[in-house]
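J.: Before I ask anything, here is the structure I am working with.
The values are calculated or read from the model by the stated rules, or taken from the named source; none is laboratory data. Everything numeric in this text was worked out from a predicted model, so none of it was measured. Cβ atoms come from the backbone with ideal geometry, glycine included; neighbour counts cover every protein chain shown. These area figures cover heavy atoms from the full protein model, side chains too; ligands, DNA and RNA do not enter into them. Shrake-Rupley method; radii C 1.70, N 1.55, O 1.52, S 1.80 Å.
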Amino acid sequence: MDRVVFDASAIQKAVNAIGVRISADYRGKNPLLVGILRGAYMFLSDLSRALTIPHTVDFMAVSSYGSGTSTSGIVRIESDLRINVEGRHVVIVEDVVDTGLTLSQLKKTLEARHPLSVKFCVLLDKPTRRKVPLVPDYTGLTAPDAFLVGYGLDYLEYFRGIPYIFSIKPELVQSEPASR
Ligand code: IMP
């Protein structure tokens, strides 16, 4: 471990604040929250409990070619939604937006299915790393340019269950197939 970047109470405060905003913005709209597996599972679970409005939840698993710590933007759908997004207000729930390539690609894919709207909700934003212009509609925490794990985020599939977010030393981050 390098250092704790966000402790559990900072995370819960950020998630609850997003919950308040989404509950206000989507009142009467029955939004569909789309969690991107696997990194967003813990965030979506807490966010769903923070919402005070009716909503539905579904998941997509995607993979992208690239190294263990970055993405190429070529997104492949490994497991698709079960709920039809046509005519729905969709909120894509993602763990981290880094280059922005994954989310911009996903938005195109979902928009082709004729939803009423598509918005982005991310727990962590790394704005300095962007390769495509993308500003999330809901951001929990602005993150440093470091490789972060915990609270759903993994390094080689480990550390997802840790209730806080910490950085790992760059020299320990080696090239491996990208995982989510
Ligand atoms: P983007 O397409 O570069 O925005 O990639 C976003 C995806 O890269 C996230 O959904 C994560 O799967 C992964 N990712 C980016 N930064 C981190 C990190 O610090 N820890 C764990 N996964 C990350």
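J.: Being out of contact with any Leu (no Cβ under 7 Å at 6 or more places or on another chain), more than 10 Å from the ligand (Cβ to nearest atom) and within 30 Å of Ala146 (Cα to Cα) is the filter here; which residues of the stretch 81-121 pass it?
T.: Passing the criteria: Lys107, Lys108, Thr109, Leu110, Lys119, Cys121.
Residue-wise test of (1) out of contact with any helix residue (DSSP H, G or I) (no Cβ under 6 Å at 6 or more places or on another chain); (2) modelled with pLDDT of 95 or more; (3) among the polar types (S, T, N, Q).
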| site | (1), (2), (3) |
| --- | --- |
| Asp58 | yes, yes, no |
| Ser63 | yes, no, yes |
| Thr69 | yes, no, yes |
| Asn84 | yes, yes, yes |
| Val91 | yes, yes, no |
| Ala112 | yes, yes, no |
| Leu116 | yes, yes, no |
| Asp125 | yes, yes, no |
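J.: Also: Report, by residue number, each residue of the stretch 143-169 that is assigned to a strand (DSSP E or B) and among the β-branched types (Val, Ile, Thr).
T.: Filtering the stretch 143-169 down to residues assigned to a strand (DSSP E or B) leaves 148-150, 153, 155, 158, 165-167.
Val149, Ile165, listed by residue number.
J.: Then there is this: Name the single residue, out of those in the stretch 122-173 being basic (Lys, Arg) and within 11 Å of the ligand (Cβ to nearest atom), that is most open to solvent (accessible area, probe 1.4 Å).
T.: First, pick out the residues of the stretch 122-173 that are basic (Lys, Arg): 126, 129-131, 160, 169.
Narrowing further to those that are within 11 Å of the ligand (Cβ to nearest atom): 126, 129-131, 160.
Values: Lys126: 20, Arg129: 75, Arg130: 55, Lys131: 141, Arg160: 22 Å².
Among them, the one singled out is Lys131.
J.: What about Phe43, is it closer than 23 Å to Val135 by Cα, open to solvent by 30 Å² or more (accessible area, probe 1.4 Å), within 16 Å of the ligand (Cβ to nearest atom) and modelled with pLDDT of 95 or more?
T.: no
J.: Just name the residue that is surrounded by the most Cβ atoms within 10 Å (Cβ to Cβ) out of those in the stretch 94-104 that are of a type in the set (S, T, N, Q) and not in a loop (DSSP other than H, G, I, E, B).
T.: Within the stretch 94-104, the match that is surrounded by the most Cβ atoms within 10 Å (Cβ to Cβ) is Thr102.
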